[in-house]
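Please read the structure below before turning to the comments.
No value in this document is a laboratory result; all are computed from the given coordinates. In this text, all values refer to a predicted model and were calculated from it rather than measured experimentally. Because the Cβ atoms are built from the backbone with ideal geometry, glycine has one as well, and the counts that use them run over all protein chains shown.
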Amino acid sequence: MSMPFYVAPEQVMKDRAEYAQKGIARGRSLVATLYDRGILLVAENPSSSLHKISEIYDRIAFAGVGKFNEYDQLRVAGVRHADTKGYAFSRQDVDARSLANLYAQFLGNVFTHELKPMEVEILVAELPDGRGTPQLFRIAYEGTITDEVDYAVLGGDADAIRLRFAEGARTDWSLGEALRQAVSALAGPDRVASNAADLEVAVLADVGVRRTFRRLDDEEVARLLEG
């Protein structure tokens, strides 16, 4: 009888982390930032039907980078959880913090116990109804949850994009200013900034109605980029 092949647990975790990071890096990055009316989410995404940014609930948005089918499964699970909780208790009981914790637990369990980790990094954003500050929760592939302040960057080149975006970043700027800064940070110095057709842009904007999520079409994005 042959002896089973042994791999140290530390090496297993390292290999899984490298596998997930490579999968995330193959996708394009995403930036979320506060602006004077709410939260802006910008992703490089030439597809008009496969969305990286979506609505989860009245004042909550979801964004993901990495492997589309995996983060879309998480989006669908989040929508079902929010709908069930809002129906069973109250719409006010559905918040980004509890949803982010649920995602973190699930991703952590998959990373620890499954053969293949999920190749995703996700963001849960919430615009409160006048009872607190906007929330940005970034959840990594291994279940680490980070409460981001003012802005968040997801994707394989996140560190470099974050440094570029931080130059001159504010929270009181207009939608157009925030969008132009996000697009410039995503592009970097080595390539031309994406045009409106290659971008997916959405906002959580407090406009006096219950649902705050709104997707910006190409025409509006182009107009904002022109300044």
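Find the relative contact order for the range 141-227 and round it to a whole percent, using C-alpha pairs within less than 8 Å whose residues are 6+ positions apart.
23 percent
Ile56's amide H: which non-local residues (gap 5+, or another chain) put their own amide H closer than 5 Å, with H modeled 1.01 Å from N in plane and none for Pro or chain starts?
Ala61, Phe62
Can you list the GluC sites (Glu not before Pro) in the range 68-144 that are in a DSSP coil and have 15 or fewer other beta carbons within 10 angstrom?
Those satisfying the criteria are Glu114.
Kindly identify the range 20-226 as rounded, prolate or oblate by the Cα gyration tensor criterion: order the square roots of the eigenvalues as a ≥ b ≥ c, call it rounded if a/c is under 1.5, otherwise compare a/b with b/c, prolate if a/b is larger, else oblate.
Values: a/c = 1.68, a/b = 1.14, b/c = 1.48.
Here the range 20-226 falls in the oblate category.
May I ask you to derive the relative contact order of the chain, considering only C-alpha pairs under 8 Å and at least 6 residues apart, and to give it as an integer percent?
Dividing the mean separation by the residue count of the chain yields 28 percent.
Rounded to whole Hz and in sequence order, give me ³J(HN,Hα) for the range 17-34 from the Karplus expression 6.51 cos²θ - 1.76 cosθ + 1.60, θ = phi - 60°, writing x for Gly and Pro.
5, 5, 4, 5, 4, 5, x, 5, 5, 5, x, 9, 7, 8, 10, 10, 8, 6
Going by C-beta contacts inside 10 Å, put Thr84, Thr212, Thr171 in order with the fewest on the left. Kindly include the intermediate steps, with their values, before the conclusion.
Details: Thr84 11, Thr212 23, Thr171 14.
Starting with the residue having the fewest Cβ neighbours, the order is Thr84, Thr171, Thr212.
Just subtract the alpha-carbon distance of Ser49 and Val149 from 0.36 nm times their residue separation and send over the number in nm, one decimal. Mind dumping the intermediate values first?
Details: separation 100, 0.36 × 100 = 36.00 nm, distance 3.01 nm.
Gain in length upon complete extension: 33.0 nm.
Calculate one ³J(HN,Hα) per residue across the range 165-176 by plugging θ = phi - 60° into the Karplus curve 6.51 cos²θ - 1.76 cosθ + 1.60, and present them in order as whole Hz with x for glycine and proline.
Each residue's phi maps through the Karplus curve to give 5, 5, 5, x, 5, 9, 10, 9, 7, 6, 4, x Hz.
So if the hydrodynamic radius of the range 1-113 is defined as the Kirkwood radius over C-alpha pairs, what does Stokes-Einstein give as its diffusion coefficient at 4 °C and 1.567 mPa s, in µm² per second?
78 µm²/s
Hey, what do the phi angles of the range 105-118 turn into as Karplus ³J(HN,Hα) couplings, whole Hz, using 6.51/-1.76/1.60 and θ = phi - 60°, x for Gly and Pro?
For the range 105-118, the Karplus curve yields 5, 5, 5, x, 5, 5, 4, 7, 10, 8, 5, 10, x, 7 Hz.
Specify the residue with the greatest mean-square fluctuation among Leu163, Leu41, Leu175, computed from a Gaussian network of the chain linking alpha-carbon atoms under 10 Å apart.
Leu163
As a footprinting exposure proxy, order Ser54, Ser174 by other Cβ within 10 Å, with the fewest listed first.
Numbers: Ser54 20, Ser174 14.
By the 10 Å Cβ count, ascending, the order reads Ser174, Ser54.
Suppose only helical runs count, i.e. DSSP H with n ≥ 4. What mean residue ellipticity at 222 nm does that imply for the chain under -39500 (n - 2.57) per run, divided by all residues and rounded to the nearest 500 deg cm²/dmol? Show your work: numbers first, answer last.
Values: 6 runs with 87 residues, N = 227.
Computed mean residue ellipticity for the chain: -12500 deg cm²/dmol.
What does the extension gain come out to for Arg215 and Asp36, with contour length at 0.36 nm per residue minus their alpha carbon separation?
Values: separation 179, 0.36 × 179 = 64.44 nm, distance 1.73 nm.
Here the answer is 62.7 nm.
Give me Rg over Rh for the range 78-193, both radii from the alpha carbons and Rh done the Kirkwood way, two decimal places.
Rg/Rh: 1.03.
Just add up the charged neighbours of Glu200: K/R +1, D/E -1, any other residue whose Cβ is under 12 Å from the Cβ of Glu200. Mind dumping the intermediate values first?
Working: positive: Arg28, Lys52, Arg215; negative: Glu44, Asp198, Asp217, Asp218.
So the environment of Glu200 carries a net charge of -1.
Under 16 Å between C-alpha atoms is the cut-off here; go through the chain and count lysine pairs that meet it, provided they're at least eight residues apart or on different chains. Each step should come with its number before you reach the end.
Details: Lys14/Lys22; Lys14/Lys116; Lys22/Lys67; Lys22/Lys116; Lys52/Lys67; Lys67/Lys116.
Count of close lysine pairs: 6.
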